[in-house]
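I have placed the structure first, in the form of structure tokens, so that the comments after it can refer back to it.
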Amino acid sequence: MTPGAIAIRALIIGFIISLAVITGFAYTTLLERKVLARLQHRVGPNRAGYIPIPWRGGEKRLLGGFMQPAADAVKLFMKEDPTPAKVDRVTYNIAPMLAVIPAILILAVIPWAPAFRLGPWRFTPYFAVAPGINVGVLFILAVTSISVYGVILAGWASNSKYAVLGGIRASAQMISYELALGIIVLIPIMMANSMNLGDIVEAQRPVWFIFIQPLAAIVFFIAALAELQRAPFDLLEAEQELSAGFNVEYAGMRFGMFFMAEYMKMISLSAIFSTFFLGGYGGPFVDRLPWLGFIYIILKIIFCLVLMIWIRASLPRLRYDQLMGFGWKGLLPIAVLNFIITAVLIVMAEEGTLAPLLDTVRQFFIG
Amino acid sequence: MPSAVNINWYIALSSILFTIGVLGVLLRRNAIILFMSVELMLNSANLLFVAFARHLGQLDGQVLVFFVITVAAAEVAVGLALIVAIFRTKKSINIDEINLLKG
Amino acid sequence: MIHPIPFLLLAAVAVAAALGMLLSHNAVHSALYLVLNFITVAIFYLALNAPFIAMVQVTVYAGAIVVLFLFVIMLLGAERLRSPVDEVRGPERFHRYTAILLALVLVGVAAYLLFQGGVDMTGVDTTAGATLDASPQALGLALFQSYVFPFQVTGVLLLAAIAGVVIFGHTKKRGEDNA
Amino acid sequence: MNTFNLAPLILILPVIGLLLNGLFGRRFVEANPANGERLTGWLASLMTIGAFLVSLSLFLSLLAHGFEPIIVPLFNWIDIPSADFLVNWAMQVDTLSVTMMLVVTGVGSLIHIYAIGYMHGDPDFSRFFTYLNLFIFFMLILVSGSSYLVMFVGWEGVGLCSYLLISFWWARLDKNGVPANANAGRKAMIMNRIGDFGVILAMILLFWTFGTLDYQAVFSGAVEMFEANHMVAFGGLSVPLPTVLTAVTALFLLGVTGKSAQIPLYTWLPDAMAGPTPVSALIHAATMVTAGVYLLVRSNVLYEIVRTSGATILGLISTPNLVAWVGALTAFFAALIAFSQNDIKKVLAYSTVSQLGFMVAAAGSGAYVAAMFHLVTHAFFKALLFLGSGSVIHGMEHGHHHLAHAGHGATHTDDDGFDPQDMRYMGGLRRRMPTTFIVYLIGSLALAGIIPLAGFWSKDEILLHDQTYATPIFIVLAIAALGTAFYVARQLIMVFFGKPRHAAAEHAAESPALMTTPLVVLAGLTVFGGLLNLPYLTRAMAEANHNHPAGIFLMLESWLEHSLASFELAEEGILALPRTPVYLSLLVAGISTALAVGGLLLGYLVYRGRPRTSSEPDRLARTPIWWWSVLPLNSLYMKGFVPLFNRFSVWLADKVDWAFWHDFVHDRVIRDIFVTGAEFSANVLDAQGVDGVVNGAGKTTQRLARGLRLTQTGYARTYALAVLLGAVGLLVYFLFMAG
């Protein structure tokens, strides 16, 4: 393919994925509200948009609330969007965008399904950075690492004490947990012997990595929750301490963009988690019907989302020092140890020293 | 206009960036911006390393960049810790007010 | 390598960002310009067949180093220390003019060299770089085979940096306790 | 892939630890005593643990690469082209050196961790750990060097560390106002110099003969010359090779007697107990003192050539046999001297001398694997015993402090002459310090040679070999083993059983977990260490396997034989290495078990419940009456042999060992010469000669500095500008003027 064709393909795929994720984001909010409501014995949004069942006199409704996201969006767009005085105007305005962009960018390297043919066209349903040489995982790390800018700049530019404190807390938290995340990511890379996410998915064909490396998966999931700043790590939104943290001065759609960024990042990190540990698009019959991959990965993403919501409903919020202590003294050492042990075992297995060693140990004890 | 740029273009770009970094170190008084300028200088050197790696078809340039980035990270961590320490005692990070070395 | 037009566009962005960093009145803006510069350079790396370095550049420089800068700026409230165009006093004026003069000499030397014909490209196979295997695997092998000692030394350096930072942070805290 | 390239790390890691601790440790500790101690202690420990992990990876790499020795070159150390003299600083990674590395770093790590607890609160905490890392560094140079010269650097270095650590508390004076610790350190230093002199001479001879000091070159050259009946020319004199090698090996033996504390140079080791207990455990039991054994095993080819050729010293005895006899006699006499010691650490010190004698005897009689095996197991259980004794001392001191602070009577102040190391003040500690007691018991039984603890297997292997090799040596060693069991029983009973004989012992407390954890680990190693080189169970089994290692049997031998060239050369028929089948001989094992049990029993009978008070004279000096009625034989023994023997051992200890050898020869003759020389160089050469030059240089510098100071404006920008000016200037110069 010529560079032009690659660019056009990337644009088209990118457009489709972005659209899908924006819709997905909207319905993730609905999913969260619904699931939370059920967990708290409530009904949740059920007014905006429903299909009445006529023969029950319109009392029973199907799909209650499925228009709620649209209503929310309309509300956010219609709201007055004041800019507080003495903010740093340029930074104040670009901060929400800087929050949204990385959340979408991550999805650029997720493999949605195996390569397949549809009529005359051959589809590789993901966009690789720098075609030919795959650094997909590094791309994810790079993008997550710059996603902190939206938060930190929003906090600073608002010229408000609460916002600055929230921003600093958020950035410290994100940087701390990114470390554990970055190290844990190395484990699927080592197991698959590739930085290509497609290869990582293919390597999980016999067995998902979550079953080989359950500890790594758990650490990854926790670090992802912290990276997302969701409960129980949602300190920067701790109303009691900081009102709403870094986005306290934002309103209207600019606030909506932070909201959007959070839910999109939920989707992206769920997608990454599914790819790294849950076998990605893999599943039964994917070999013959590649489009099933889309369904599998979306199901896995929804599973992760529901898990996150469930956790939010179940666990209380951590204190700030507990949060930092847990990240640096708990997750990071576990991640490093897990990484080292995995590396040693892999090298020993490749060298052929593992089997003789195990043999010697067995002989020693059994004879 | 030639159809593709060659190594000399990168040398030009790199030296301009480097000079801007030098000027930053010499003209600014905010110690943090001084550090940023140093990073810019390192970065211009890195760019040239990678350009030469591409030019000569050898990987060593990229390996060196890797080391430079690592060292830069360490340098910034220590430097900023120093700045914070100095700020705590002198309540200023204006490098013109930090002249205890005066003979 | 890359077509001149995108090169010139990117180079313009890079230089403009660098100048923005130099001339910005606000340290936070300086930092943001610096990020822009770093990301532009990362794109150059992609064009120069160094995707790994490009990603590391973004992760480390943009993701860690500049965040650290912002962190310290916000911590100290040092964004508006003094603008660069303050009053200029005696020895400082001398410094400033000498500095600008020397910078001009530096650029002048570079320009002179380039007009002289630049780097001698006879006998260099400039196509080899395009097909050079710069994948993480290749880079890792180079790092762990030819450069294993520097790599270890770098590790020690990082350890020393951690120790240094911890000590700086620590003594201060104790001083506060005593006070 | 292999990890041999990591080998230099094993030296680099301790250097990092020692530099950091040496430069900053004091400041850390002074700034914040609790955290600073933890920081410096764990830093040193982690560096040693790191070295251990590297050794482990070297071990695995050797395993994966068929045990082939690898030489990892570091740099050219001495290069004199005109003399054709080139010494590479290279590391020899083979099974022998890796065994030593594992022992040094493994036991070393445990002792480092233990020392964090033991040295807690010492004002020189960081200095101690700096020295420990320095020691680990030199010890690893010693075992990893690929030539005699590199080994000698480590050899001297560990001597230096030994000196530094023995006199660690150099300022302390004993009751008579004598700086005993400093003197002990000096003694160790000087004694070792005598041995080192032998090693230097031996190296000169080797270099003269072979033109190199690399192990591999020397050994292969020696074998070639031996096969060709080569004559070595010394000026006009032409000497056969075995004669030269006899001289070399005898001189090496001198070095070994110094370093490994054999007769006649053993006396420094008991004095070395003045150092902190972790030092005694690490340097003076587990690692440094085994350097001599390592030298013997490393030079096995040279000794075997001498043995094969039949060359003797003045027609009397060949050097390997001399080595064996020196070892056996040391084992015997040191065990006897241990009977009359009351200091808990001195007993262990003489015991170490005795056990080193076993190793040296084994090496001399050709049982190199057995020597190494005993070296390893001894490292485990003797480190355990020393650390355990440290724990006991710690507990006693704790009890003593407790008394002083609780004000139990005015007599128990800090200066009442109470000695926490004196076993006469102990007793009944098994209740107060249960963990220490159990591990100490395990270590003691291993030392006595009770099956199935590690000490049994290694000692048995030595005895089995010598039983066929030379019966007189076997008998001497067997009696030494009996003596070992006896003093072990005496010590156990005096320390742990009976009733407390001092209020401090009543209030002794168990040591902290930081100290007991390494003890438990070492106890585990002591229990299972025998599996390292498990002998065949019957002779038939050994012969069925052609006396070659198989399966879990003789693992150490199958591991070490790749480093011991004489094994291969013996199979090719070039050397006559005495090898005996290794199996569990009922005769030898029975004798040794009987001796061990008998010794313990004898000790129990003699010392049961004794002494009752701390001032009661030793049981061996008295004759109980009831022995008459119960067992006339015993009373005969108690009446006839015991007093004689007791007098003999007291005489040995007091007169020969202490008065003549310690006090007269060392303290008078050797020390006085040394002190006079030192005073001359300090007062005359240094004070008048060197200082004048130095002060003059200092004044000149000061004057210059006063002038140059003015260029410093203190503005960072000025300096940066100067740098830029220089850079641009150089650029312009090279581009336009130099071209």
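Remark: pairs (first residue in the stretch D:104-121, within 17 Å of D:GLY529 (Cβ to Cβ) and modelled with pLDDT of 90 or more; second residue in a helix (DSSP H, G or I) and open to solvent by 10 Å² or more (accessible area, probe 1.4 Å); Cβ separation under 7 Å; 6+ apart in sequence or on different chains) = D:THR105/D:PHE52; D:GLY106/D:PHE52; D:SER109/D:ILE49; D:SER109/D:PHE52; D:LEU110/D:VAL521.
Filtering D:GLY108, D:GLY121 for residues that are closer than 30 Å to D:LEU39 by Cα and open to solvent by 50 Å² or more (accessible area, probe 1.4 Å) leaves a single hit, D:GLY121.
Quick one: would you say D:ALA504 is in a helix (DSSP H, G or I), open to solvent by less than 10 Å² (accessible area, probe 1.4 Å) and at pLDDT below 90?
Working: in a helix (DSSP H, G or I): yes; open to solvent by less than 10 Å² (accessible area, probe 1.4 Å): yes; at pLDDT below 90: yes.
It is true that D:ALA504 is in a helix (DSSP H, G or I), open to solvent by less than 10 Å² (accessible area, probe 1.4 Å) and at pLDDT below 90.
Would you point out which residue out of D:LEU96, D:LEU43 is within 14 Å of another protein chain (Cβ to nearest Cβ) and either touching a residue at least 12 places away in the same chain (Cβ under 8 Å) or surrounded by fewer than 23 Cβ atoms within 10 Å (Cβ to Cβ) (or both)? Explain how you work it out, then say what you get.
Details: D:LEU96 fails: within 14 Å of another protein chain (Cβ to nearest Cβ).
Of D:LEU96, D:LEU43, the one residue that is within 14 Å of another protein chain (Cβ to nearest Cβ) and either touching a residue at least 12 places away in the same chain (Cβ under 8 Å) or surrounded by fewer than 23 Cβ atoms within 10 Å (Cβ to Cβ) (or both) is D:LEU43.
Scanning the stretch B:21-33 finds no residues that are in contact with a helix residue (DSSP H, G or I) (Cβ under 8 Å, 6 or more places away or on another chain), open to solvent by 40 Å² or more (accessible area, probe 1.4 Å) and more than 7 Å from chain C (Cβ to nearest Cβ).
For every residue, the table says whether it meets (1) outside the structural domain of D:VAL527 (by TED's automatic domain parsing); (2) open to solvent by 10 Å² or more (accessible area, probe 1.4 Å); (3) among the aliphatic types (A, V, I, L, M).
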| site | (1), (2), (3) |
| --- | --- |
| D:ALA328 | no, no, yes |
| D:ALA331 | no, no, yes |
| D:GLN341 | no, yes, no |
| D:TYR350 | no, no, no |
| D:GLY366 | no, no, no |
| D:VAL369 | no, no, yes |
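With respect to (1) among the aliphatic types (A, V, I, L, M); (2) modelled with pLDDT of 80 or more; (3) more than 30 Å from the chain's Cα centre (by Cα), the lone exception for D:VAL675 is condition (3).
Of the residues examined, D:PHE553 is one that is open to solvent by 20 Å² or more (accessible area, probe 1.4 Å), in contact with a strand residue (DSSP E or B) (Cβ under 6 Å, 6 or more places away or on another chain) and of a type outside the set (D, E, K, R). Scanning the stretch D:435-456 for residues that are of a type in the set (Phe, Trp, Tyr) and open to solvent by 10 Å² or more (accessible area, probe 1.4 Å) turns up just one, D:PHE437. If A:PRO284 satisfies every condition in (1) more than 16 Å from A:ILE222 (Cα to Cα); (2) touching a residue at least 60 places away in the same chain (Cβ under 8 Å); (3) assigned to a loop (DSSP other than H, G, I, E, B) but one, which is the exception? Answer for A:PRO284: the failing condition is (2).
Is it the case that D:ASP214 is open to solvent by 40 Å² or more (accessible area, probe 1.4 Å), touching a residue at least 24 places away in the same chain (Cβ under 8 Å) and acidic (Asp, Glu)? Quick ask: steps written out before the conclusion?
On the way: open to solvent by 40 Å² or more (accessible area, probe 1.4 Å): yes; touching a residue at least 24 places away in the same chain (Cβ under 8 Å): yes; acidic (Asp, Glu): yes.
Against the criterion (open to solvent by 40 Å² or more (accessible area, probe 1.4 Å), touching a residue at least 24 places away in the same chain (Cβ under 8 Å) and acidic (Asp, Glu)), D:ASP214 qualifies.
In the stretch D:126-148, is there at least one residue being out of contact with any Pro (no Cβ under 8 Å at 6 or more places or on another chain), in the same structural domain as D:LEU62 (by TED's automatic domain parsing) and among the charged types (D, E, K, R)? Taking every residue of the stretch D:126-148 in turn, at least one turns out to be out of contact with any Pro (no Cβ under 8 Å at 6 or more places or on another chain), in the same structural domain as D:LEU62 (by TED's automatic domain parsing) and among the charged types (D, E, K, R).
Among the conditions (1) open to solvent by 50 Å² or more (accessible area, probe 1.4 Å); (2) assigned to a loop (DSSP other than H, G, I, E, B); (3) over 27 Å from D:TYR604 (Cβ atoms), D:ALA509 misses just one, which is (1). Among the residues of the stretch D:703-731, those identified as open to solvent by 90 Å² or more (accessible area, probe 1.4 Å) and closer than 30 Å to B:ILE95 by Cβ are D:LEU704, D:ARG706, D:LEU708, D:ARG709, D:LEU710, D:THR711, D:VAL723, D:LEU725, D:LEU730.
For the stretch C:13-49, which residues satisfy the criterion of being more than 20 Å from B:SER37 (Cβ to Cβ) and either more than 7 Å from chain B (Cβ to nearest Cβ) or not hydroxyl-bearing (Ser, Thr, Tyr) (or both)?
Going residue by residue through the stretch C:13-49, those that are more than 20 Å from B:SER37 (Cβ to Cβ) are C:43, C:45-49.
Correct list: C:ILE43, C:LEU46, C:ALA47, C:LEU48, C:ASN49.
Quick check: anything in the stretch D:158-177 touching a residue at least 60 places away in the same chain (Cβ under 8 Å), open to solvent by 20 Å² or more (accessible area, probe 1.4 Å), more than 28 Å from D:SER563 (Cα to Cα) and in the same structural domain as D:VAL248 (by TED's automatic domain parsing)? The answer is yes; a qualifying residue exists. For the stretch B:61-91, name all the residues that are over 17 Å from B:LEU34 (Cβ atoms), at the interface with chain C (Cβ under 7 Å from one of its Cβ atoms) and open to solvent by 50 Å² or more (accessible area, probe 1.4 Å). Hits for the stretch B:61-91 are B:VAL71, B:ARG88. Condition check: at pLDDT below 85, over 22 Å from the mean Cα position of the chain (by Cα) and in a helix (DSSP H, G or I). Does C:ALA130 satisfy that? When the stated conditions are applied, C:ALA130 passes them.
Identify all residues within the stretch D:81-93 that are touching a residue at least 60 places away in the same chain (Cβ under 8 Å) and in a strand (DSSP E or B); write none if there are none. Give the derivation first.
Here is the first cut: in the stretch D:81-93, the residues touching a residue at least 60 places away in the same chain (Cβ under 8 Å) are D:84, D:87-93.
Passing the criteria: D:VAL87, D:ASN88, D:TRP89, D:ALA90, D:MET91, D:GLN92, D:VAL93.
Of all the helices (runs of 4 or more DSSP H) wholly in the stretch D:670-739, which have at least 2 residues that are within 13 Å of chain B (Cβ to nearest Cβ)? Before the answer, list the steps.
On the way: elements: D:671-680, D:691-708, D:716-732.
Because the criterion is at least 2 residues that are within 13 Å of chain B (Cβ to nearest Cβ), the helices (runs of 4 or more DSSP H) in the stretch D:670-739 that meet it are D:691-708, D:716-732.
As a summary of the residue check, D:GLY145 satisfies the conditions (1) of a type outside the set (A, V, I, L, M); (2) surrounded by fewer than 24 Cβ atoms within 10 Å (Cβ to Cβ); (3) within 16 Å of D:TYR215 (Cα to Cα) except for the one numbered (2). If only one of D:LEU53, D:LEU58 is open to solvent by 60 Å² or more (accessible area, probe 1.4 Å) and closer than 28 Å to D:ILE283 by Cβ, which one is it? None of the other options fit; the residue is D:LEU53.
The values are calculated or read from the model by the stated rules, or taken from the named source; none is laboratory data. In this text the structure is predicted, and so the values were computed from the model without any measurement. When we count neighbours, we look across all protein chains shown, and the Cβ atoms used for this are built from the backbone with ideal geometry, even at glycine. Each accessible area value is taken on the protein alone, full model and side chains, heavy atoms only, with ligands, DNA and RNA left out. Shrake-Rupley method; radii C 1.70, N 1.55, O 1.52, S 1.80 Å.
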